[in-house]
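Q: Structure below; questions to follow.
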Amino acid sequence: MFGRKKPSSDSAIDIDPNSAFEMIQENKDNPNFILMDVRTPAEFEEAHIEGSILINYQAPDFRDKLQELDKNKTYLVYCRSGKRGAGSVNEMNKMGFQDVYNMTGGIMGWESCGLPVK
């Protein structure tokens, strides 16, 4: 389901852009599902996936912002190409988040699949 690949060492799950799109559609009205963009504000303004929240991975208060989130919700994380997303997911795992997905390829992969951005 969702083209998921479970890593062996943590609770993060890698998910490809098409499967992420399906997951987003299935959770449109789910208040326990959070789509999180971890790019910079400038990148977010340029284009982002509709419904995503922005928490800048490069900001000095990144960890503080993560601490404010509900660790029991489901998070789908993406960045530009995948590196910051993976770093964010690793950090979230260390902090005790229970259900975290990393969209492989980031928004570049998303757009290359022809999926919509805002």
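The values are calculated or read from the model by the stated rules, or taken from the named source; none is laboratory data. Please read all numbers here as calculations on a predicted model, not as lab measurements. FYI the Cβ positions are ideal-geometry reconstructions off the backbone, even for glycines, and counts take in every protein chain you see.
Q: Only one of these conditions is not met by Glu43: (1) in a loop (DSSP other than H, G, I, E, B); (2) touching a strand residue (DSSP E or B) at 6+ places or on another chain (Cβ under 9 Å); (3) among the charged types (D, E, K, R). Which number is it?
A: (1)
Q: Examine segment 74-82 for a residue that is of a type in the set (Ser, Thr, Tyr), in contact with a strand residue (DSSP E or B) (Cβ under 7 Å, 6 or more places away or on another chain) and surrounded by fewer than 19 Cβ atoms within 10 Å (Cβ to Cβ), and state whether such a residue exists.
A: Yes.
Q: Scan Ile13, Ile24, Ile55, Ile34 and give me the residue that is among the β-branched types (Val, Ile, Thr) and more than 15 Å from Met103 (Cα to Cα).
A: Unique residue meeting the criteria: Ile55.
Q: Something else now. Check Ser9 against each of (1) at pLDDT 95 or above; (2) small (Gly, Ala, Ser); (3) surrounded by fewer than 14 Cβ atoms within 10 Å (Cβ to Cβ) and name the one condition it does not meet.
A: Here Ser9 meets the rest and fails (1).
Q: So which pairs qualify, if the first residue must be in segment 13-34 and within 15 Å of Glu50 (Cα to Cα), the second must be basic (Lys, Arg) and modelled with pLDDT of 95 or more, the Cβ gap must be under 6 Å, and the two must be at least 6 apart or on different chains?
A: Ile34/Lys73
Per-residue answers, yes or no, for (1) under 19 Å from Gly114 (Cα atoms); (2) of a type in the set (A, V, I, L, M, F, W, C); (3) out of contact with any helix residue (DSSP H, G or I) (no Cβ under 8 Å at 6 or more places or on another chain):
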| site | (1), (2), (3) |
| --- | --- |
| Asp29 | no, no, yes |
| Ile34 | no, yes, yes |
| His48 | yes, no, no |
| Leu54 | no, yes, no |
| Asp61 | no, no, yes |
| Lys65 | no, no, yes |
| Leu69 | no, yes, yes |
| Gly87 | no, no, yes |
| Asn90 | no, no, yes |
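Q: May I ask you to list the residues in segment 87-101 that are among the hydrophobic types (A, V, I, L, M, F, W, C) and within 22 Å of Asn27 (Cα to Cα)?
A: Val89, Met92, Phe97, Val100
Results for (1) surrounded by fewer than 19 Cβ atoms within 10 Å (Cβ to Cβ); (2) over 15 Å from the mean Cα position of the chain (by Cα), shown as yes or no for each residue.
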| site | (1), (2) |
| --- | --- |
| Met36 | no, no |
| Thr40 | yes, no |
| Ile55 | no, no |
| Glu68 | yes, yes |
| Asn90 | yes, no |
| Asn102 | no, no |
| Leu115 | yes, yes |
